[in-house]
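Undergrad: First the structure, then my questions, so here it is.
The values are calculated or read from the model by the stated rules, or taken from the named source; none is laboratory data. The shown structure was predicted, so the numbers you read here are calculated from the model rather than taken from an experiment. Ideal geometry is used to build each Cβ from the backbone, glycine not excepted, and the neighbour counts take in all protein chains shown.
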Amino acid sequence: MEFWEASFLDKQAMWGYEPTDAAIKAKDVFIDKNVKSILLPGIGYGRNAKVFLEKGIDVTGIEISKTAINLARKSGIDIPIFHGPVSEMPFDDKQYDGIFSHALIHLLNNEERDKFIQDCYDQLIPNGYMIFTTVSKEALMYGKGKQLGEDYYETKDGVKLYFYDAESIDQDFKDYGLVDFRQVEEPNKDNNHKPSMKFTMIICKKDAK
């Protein structure tokens, strides 16, 4: 996770300020399900938060980078943001209607992913939805770099990435109300000359008890 802190220090808003297509699609799911409050682990500098705020959804964030939080504040994101790693969840005892986490879960190792999924699930209300986006084995970078484990690689920049496929999605999420997963082509909106990224969007619904 330190890589992202360093990246923010060096490059500031490195991904631009346009929301991801995944966030827009997640917003549509949440609107359809009448979601009123969401938690955004890994909120970064808030570029994805605005699509939810504009629809009247209450947003709370979690972010490890203080620099990113400061950038969010400077861009007008005036919402609660907990400063710390997702490994320290939960930061409050609130349960949310929805949870959206973009491009974070694949940065975690096996144990961290298991805890993160469980922590997110625990903070959902019954019938709440959680949505994750992650790199998939369809991504061009899959299989490149130093292999650390099955479908787990370290890039030349020192970033550790876990690549999901249908089997591993089912394995990790089947006990957490897995509803659907789909491929999302994510264009690089800040630089049209860079290739788009292939992500997988994973949607889960917490059972009512």
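Undergrad: I'm trying to understand the selection: among the residues of the stretch 53-76, which are surrounded by 15 or more Cβ atoms within 10 Å (Cβ to Cβ) and under 23 Å from Ser87 (Cβ atoms)?
TA: Answer for the stretch 53-76, where residues must be surrounded by 15 or more Cβ atoms within 10 Å (Cβ to Cβ) and under 23 Å from Ser87 (Cβ atoms): Val59, Thr60, Gly61, Ile62, Glu63, Ile64, Ser65, Thr67, Ala68, Ile69, Leu71, Ala72.
Undergrad: Quick one: how many residues across the stretch 124-159 are closer than 30 Å to Val59 by Cβ and either touching a His at 6+ places or on another chain (Cβ under 7 Å) or of a type in the set (Lys, Arg) (or both)?
TA: The number of residues fulfilling the criteria is 3.
Undergrad: Within the stretch 93-132, count every residue that is surrounded by 20 or more Cβ atoms within 10 Å (Cβ to Cβ), of a type in the set (S, T, N, Q) and in a strand (DSSP E or B).
TA: 1
Undergrad: Let me ask something else. Do you know which of the residues in the stretch 172-209 that are surrounded by 14 or more Cβ atoms within 10 Å (Cβ to Cβ) and charged (D, E, K, R) is modelled with the lowest pLDDT?
TA: Lys189
To keep it simple, each residue is scored yes or no on (1) at pLDDT 95 or above; (2) within 13 Å of Phe100 (Cβ to Cβ); (3) aliphatic (A, V, I, L, M); (4) touching a Cys at 6+ places or on another chain (Cβ under 7 Å).
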| site | (1), (2), (3), (4) |
| --- | --- |
| Val29 | yes, yes, yes, no |
| Lys33 | yes, yes, no, no |
| Lys36 | yes, no, no, no |
| Ile43 | yes, yes, yes, no |
| Val59 | yes, yes, yes, no |
| Glu63 | yes, no, no, no |
| Ala72 | no, no, yes, no |
